[in-house]
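In what follows, a single structure is set out as C-alpha cells and then discussed.
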Amino acid sequence: MSSKVEESPKNTLSPKSLKKNAALNMTKTVMSLVFPLITFPYASRVLGPVYIGKVNFAQSIVSYFALVAALGISTYAVRESAKLRDDRKNLSVFVKEIFSLNMISTVIAYILFALAMVVVPAFGNYRILLCVCGASILFTTLGMDWLYTGLEEFKYITIRSIAFQFISLILLFFFVRNQNDYLKYAGISVVSSVGSNICNFIHARHFVDFRVKALCLKKHLKPVFTLFAMSAAVSIYTVLDTTMLGFIKGDESVGIYTAATKINRMVIMMITAATAVLLPRLSYYADKDRNEFLRLANKAVQFVVMFSVPCAVGLFVLSEPAVILFSGDQFLPAVPVMKIMNAVIMFISLGCLMGGNVLISAGKEKSSLASTVVGAVSNFSLNFIFIPQYGASGAAIGTVCAEFLVMTTQFILGRKIIDWKNLFRTVVQVFAAVFVMALFLLFLMRFINKIVPQIIFCTALGFFLYAGTMILFKNEFVMNFFKIIRRKKSDI
C-alpha cells in the first residue's frame, strides 16, 4: 500500500461468535420474513394478481440493472475486507477503492436503465413503476452491506433493518388502500429493503477513513468481473423466470407465480441467513487453518440438509392452506405451482452454501461460475420450452431443474472439501425422519378442515415428529446440540 496514506491505528475488531452472528442474522431475516407475512397478504388482497404481477415484473427488470451496478463486488468485498479487518489503514484504502468502483458501475447501470426505458416498447406502460423500483439500485450501492458483513457487524445491520421495516409497515397501512396505490406499494417495498442503507453509509466512518486516496481500481477488476459473471448467471435463473413469464403470459401469471414462490423463498432466506455469516469466517480460515475451514464447511452442509429437507416436504403438504391464508382464494391457481417449487428450498439452500460460501472462500470463483452458467443455460432453455405451454407451472419446472443442476455441479466441483461419509449418514437419517413426518401430516390433514388449525397443528406435530425421529437415530448434530444445552444448564 502507498506510503501516502497516513498510519492509523489497528482496528480493535475481535472475532465475533459465529453462533451470535448466526442468531443476529437470523433475527434480521426473521423480521424480513415477518414483514412480508404481514404486508403481502394485505397487498395481495388489496392489489390482486394483476397489480402484484406488475410490481414484481418491474422489480425483475430492475434487478438486471442492479446486477450491473453490483458488478460482483459484494462477495469479493466481503472476503477481502474480512482479511483486512485488523488493519484500519489498508481496510480504508480497500473500501475507498471498492466504493469508487461501485459508484462508477452504478452510473453505468442507470445510463443503461434510461436507454432501456426509451428503446424497449414493452416498458412504456411501466416507466413510472420502473423509476420507483430503480431507486433501490443507488441505495444498495450506498449501503455497503459487504463492509458490515466482512467485519461481522451483524448487530448493527439487524437493528437498523428492523427499524426501517417497522416504518415501512406503518407506511403500507396508511397509504396502500386500493389498486391505484400499487406505485406506493412499490416505493414502500424499496424503503423496507434498502432504505436503511443511507444510515450504513454514514455509520461506515466508524470503521474506515474515507479521506485516504483510492490508489488503484484496476487490480480489483479481474476477481470482480469473475464474480460478476457468476452473479449474471445466477440472476438469469433466479429472475429470468419472472421476466419471461411477464413477457409471454402477462401480469396475472406473474402474480400467481409470485404467490407460489413467496413462501418458499422466505424459508430459503431463513436457512441462508444462518449460513451467510460463514463467508467472512471461512475466508479467514481458508489460508490460516485448513482443518477448521473443512470442519466449518461440513458442519454447515449438514445443517442445511437437516433444515431444508423437512421445510420443503412440510410446505408441500401444506401448500393449499398456506396459499389461501397468505394470498387469498383468488390465488388458488398458485397451489400446484408452489408444490413444484418447494423442491428449490433444498437445492438453493445447498447451492448458496457451496457456491456462495465454501467455494468462494476457498478462492474457487471459477468453479462457482461454471455451476451458475450451467444453471443459467438450462433455465433459459427450459423456460423457453415450458412457459408458453404451462405458464407459471412451466416457469417452476425450469427453475427447479436449473437449481438442481447448479447444486449438483457445485458439489462435484467441491467434492474434495466434503466429508461424504458423514453427509451420506445425515441424508439417510433426514429422509427417513421426513418420511415419518409426512405420513402423519397427511393423515392429520384429513381430520382438520379449517386452514389456520391445519397450519398450526401440522407445523407443531411435524416439528416434534422430525426432531424426535432424529433423536432416535442419535444424529450427531442433534446430540451435540443437546450436549451444549446440558452444559449451559450445569453452568447456571
Lone qualifier among T141, T75, T106 - being of a type outside the set (K, R), assigned to a helix (DSSP H, G or I) and at pLDDT below 80: T75
Residue within segment 402-422 that is free of Cβ contacts under 8 Å to residues at least 24 places away in the same chain, more than 27 Å from the chain's Cα centre (by Cα) and more than 30 Å from V50 (Cα to Cα) present: yes
Qualifying residue in segment 169-179 (condition: closer than 25 Å to I61 by Cα, part of a helix (DSSP H, G or I), touching a helix residue (DSSP H, G or I) at 6+ places or on another chain (Cβ under 9 Å) and without any contact (Cβ under 8 Å) to a residue 24 or more places away in the chain): yes
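Every residue, every condition in (1) on the phi > 0 side of the Ramachandran plot; (2) touching a residue at least 40 places away in the same chain (Cβ under 8 Å); (3) outside the structural domain of G195 (by TED's automatic domain parsing), yes or no:
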| site | (1), (2), (3) |
| --- | --- |
| S81 | no, yes, no |
| R88 | no, yes, no |
| T106 | no, no, no |
| I137 | no, yes, no |
| M144 | yes, yes, no |
| L147 | no, yes, no |
| I159 | no, no, no |
Segment 398-426, residues that are part of a loop (DSSP other than H, G, I, E, B) and β-branched (V, I, T): I417, I418
Residue that is within 27 Å of G356 (Cα to Cα), out of contact with any helix residue (DSSP H, G or I) (no Cβ under 7 Å at 6 or more places or on another chain) and not aromatic (F, W, Y), where the choices are V107, V120: V107
Members of segment 329-357 found to be in contact with a helix residue (DSSP H, G or I) (Cβ under 6 Å, 6 or more places away or on another chain) and modelled with pLDDT under 80, listed by number: G355, N357
Hey, F247 assigned to a helix (DSSP H, G or I), at pLDDT 80 or above and surrounded by fewer than 18 Cβ atoms within 10 Å (Cβ to Cβ) or not: yes
Selected residue [of a type outside the set (S, T, Y) and either outside the structural domain of G48 (by TED's automatic domain parsing) or closer than 30 Å to N90 by Cβ (or both)] from V212, V190, V176, V132: V212
C352, sole failed condition from (1) touching a Ser or Thr at 6+ places or on another chain (Cβ under 7 Å); (2) without any contact (Cβ under 8 Å) to a residue 40 or more places away in the chain: (2)
Some residue of segment 347-358 being surrounded by fewer than 24 Cβ atoms within 10 Å (Cβ to Cβ), over 28 Å from G150 (Cα atoms) and not acidic (D, E): no
Residue among A66, A116, A43 that is of a type in the set (A, V, I, L, M, F, W, C), in contact (Cβ under 8 Å) with a residue 40 or more places away in the chain and within 20 Å of F225 (Cα to Cα): A66
Wholly within segment 288-379, helices (runs of 4 or more DSSP H) carrying at least 1 residues that are more than 21 Å from C458 (Cβ to Cβ): 290-317, 344-353
Restricting segment 144-168 to residues that are outside any helix (DSSP H, G or I) and touching a Phe, Trp or Tyr at 6+ places or on another chain (Cβ under 9 Å), the residue that is surrounded by the most Cβ atoms within 10 Å (Cβ to Cβ): M144
Residues being among the hydroxyl-bearing types (S, T, Y) and more than 16 Å from R211 (Cα to Cα) - total across segment 83-97: 0
In segment 365-383, residue farthest from T226 (Cα to Cα) [restricted to those that are at pLDDT 80 or above and among the hydrophobic types (A, V, I, L, M, F, W, C)]: L382
Number of the exception - A438 against (1) within 18 Å of the chain's Cα centre (by Cα); (2) of a type outside the set (V, I, T); (3) surrounded by fewer than 21 Cβ atoms within 10 Å (Cβ to Cβ): (1)
Output for segment 285-324, where each listed residue is among the hydroxyl-bearing types (S, T, Y) and either more than 18 Å from the chain's Cα centre (by Cα) or at positive phi (or both): Y285, S319
Residue in segment 419-430 that is in contact with a helix residue (DSSP H, G or I) (Cβ under 6 Å, 6 or more places away or on another chain), of a type in the set (S, T, Y) and under 18 Å from Y466 (Cα atoms) present: yes
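The values are calculated or read from the model by the stated rules, or taken from the named source; none is laboratory data. The shown structure was predicted, so the numbers you read here are calculated from the model rather than taken from an experiment. Every residue, glycine as well, gets a Cβ built from its backbone with ideal geometry; the counts of neighbours run over all protein chains shown.
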